């Protein structure tokens, strides 16, 4: 039975992916900062598969160790989905509080690497690491300097990790715009009801997780087209 660790699993993309993987038979180790929401999804999925839900902060060393311990002797999939936007509304870099920026990097960059370092010794050949990124990592949007630069750092970190771990599949995945709480926080006061729900990004993620595509950067809603083209070529 495959075991997956998913951070930020209480809502949005993490919750949607956890639900899909539960139906695929994965054993799940789920993390989120919000204990009530995490407990809710854990109770829902326990009717389908084995679930360990650990509320906590991925920036905390002890919590990361607890997630790995909960997975047992094998980790087949690590999805680093948890992240923090930073202040809302987001400040320009010239006025960005450096202690807050440090927190953004701790959660969005250091924590995913730290979890990967702990998980890799337990990962069999061809196991999968997925780091969730954003188009803000490659586009210089005004006001997105904190979050965007942290995701850019995560992408480069992931690319190097992939080069160093040729026996594993290491991906960054841009899920695209989604109708989530974080997206709403990024645009306070705006109507984001026209954004697609996170469930629309899950099929591409699932295809990537279960395929043999090489390590690299992918857009979730384009992955199915990539694999379909490969099968018909």
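Here are the numbers:
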| quantity | calculated |
| --- | --- |
| The stretch 52-64 - residue that is in contact (Cβ under 8 Å) with a residue 12 or more places away in the chain and out of contact with any helix residue (DSSP H, G or I) (no Cβ under 7 Å at 6 or more places or on another chain) and, of those, surrounded by the fewest Cβ atoms within 10 Å (Cβ to Cβ) | 61 |
| Top-ranked residue in the stretch 207-217 [being touching a helix residue (DSSP H, G or I) at 6+ places or on another chain (Cβ under 6 Å) and in contact (Cβ under 8 Å) with a residue 24 or more places away in the chain; ranked as nearest to residue 156 (Cα to Cα)] | 215 |
| Lone qualifier among 9, 35, 16 - being in contact with a strand residue (DSSP E or B) (Cβ under 7 Å, 6 or more places away or on another chain) and either crowded, with 18+ Cβ neighbours inside 10 Å or within 17 Å of residue 130 (Cβ to Cβ) (or both) | 9 |
| Residue 70 being part of a helix (DSSP H, G or I), in contact (Cβ under 8 Å) with a residue 40 or more places away in the chain, touching a strand residue (DSSP E or B) at 6+ places or on another chain (Cβ under 8 Å) and surrounded by fewer than 22 Cβ atoms within 10 Å (Cβ to Cβ) | yes |
| Qualifying residue in the stretch 177-195 (condition: at pLDDT 85 or above and either touching a strand residue (DSSP E or B) at 6+ places or on another chain (Cβ under 9 Å) or within 19 Å of residue 87 (Cα to Cα) (or both)) | no |
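The values are calculated or read from the model by the stated rules, or taken from the named source; none is laboratory data. No experiment lies behind these values; they were computed from the predicted model shown. All Cβ positions, glycine included, derive from the backbone under ideal geometry; neighbour counts span all protein chains shown.
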